[in-house]
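The values are calculated or read from the model by the stated rules, or taken from the named source; none is laboratory data. Bear in mind the structure is a predicted one, so any value in this text is a computation, not a measurement. We place every Cβ from the backbone using ideal geometry, glycine too, and count neighbours over all the protein chains shown.
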Amino acid sequence: MTTDDYPQKITFGEMRDSGVSDVLIYCRDVGCSHSKTMSADLWPDNIRLSDVEPDFICTACGKRRAEIRPKFSHARIGAG
């Protein structure tokens, strides 16, 4: 699998600028669906989420296929 298989995503810096400090990491294997939350502090601002996706190996199934997304907090609905 090459990095061309992964759509280009925002940088960790852009993500942090929007107030998000954690990422959700999902196994791309359709039969696995393992996921994990992780701090984004490990990566510098100029690195894209899609740049590190190919490097992850699922601890549940052992496959190298990750999907990384910003972990947005839950939206608050209604009057505050």
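Numerical summary
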item: Tally, over region 39-56, of residues that are assigned to a strand (DSSP E or B) and either over 17 Å from residue 18 (Cα atoms) or charged (D, E, K, R) (or both); result: 1
item: In region 6-20, the residues that are outside any strand (DSSP E or B), without any contact (Cβ under 8 Å) to a residue 40 or more places away in the chain and of a type in the set (S, T, N, Q); result: none
item: Residue check for residue 37: within 15 Å of residue 71 (Cα to Cα), touching a residue at least 24 places away in the same chain (Cβ under 8 Å) and either over 10 Å from the mean Cα position of the chain (by Cα) or surrounded by 15 or more Cβ atoms within 10 Å (Cβ to Cβ) (or both); result: no
item: Verdict on residue 47 being at pLDDT 90 or above and over 11 Å from the mean Cα position of the chain (by Cα); result: yes
item: Any pair with Cβ under 8 angstrom, 6 or more apart, that starts in region 53-71 at a residue that is free of Cβ contacts under 8 Å to residues at least 24 places away in the same chain and ends at one that is outside any loop (DSSP other than H, G, I, E, B); result: 55/66
